[in-house]
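Asks: Mind having a look at this structure? Questions to follow.
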Amino acid sequence: MNEPFLTASEVAHLLKVNVETVYTLIRTAGLPAAKVGSQWRFVEREARHWVHARTQDTRRPPLTRGGPGSAPLPQEGGSHGRA
């Protein structure tokens, strides 16, 4: 299996974060990595999978007051039923 390995700097670039954030993610969030001597190495596929597994779908149906056909609840900054 000849998968590309990435350095911490390359993973930082991939995630668009500071390299120190990469080290923090290893310690606190389980970013998969292997220590080789004094340096960290990452399997690109595993790093990408780790990110995708943590991506949440922010598209949600609007909350409603009641059952089917009910009006959506007001959004932030919208009307709150006060006159």
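Since every read-out is calculated from the coordinates, none of them should be taken as a lab result. None of the values given here were measured: they were computed from a predicted structure.
Asks: Find the relative contact order for segment 1-41 and round it to a whole percent, using C-alpha pairs within less than 8 Å whose residues are 6+ positions apart.
Replies: Details: 26 pairs, mean separation 15.3, N = 41.
The normalised contact order for segment 1-41 reaches 37 percent.
Asks: Calculate one ³J(HN,Hα) per residue across segment 22-35 by plugging θ = phi - 60° into the Karplus curve 6.51 cos²θ - 1.76 cosθ + 1.60, and present them in order as whole Hz with x for glycine and proline.
Replies: Using θ = phi - 60°, the values come out as 4, 4, 5, 5, 4, 6, 10, 10, x, 4, x, 7, 10, 7 Hz.
Asks: Also: For segment 5-53, what is the largest minus smallest coordinate of the Cα atoms on each principal axis, given in angstrom and ordered from greatest to least?
Replies: Principal extents (largest minus smallest coordinate, Cα): 28, 20, 19 Å.
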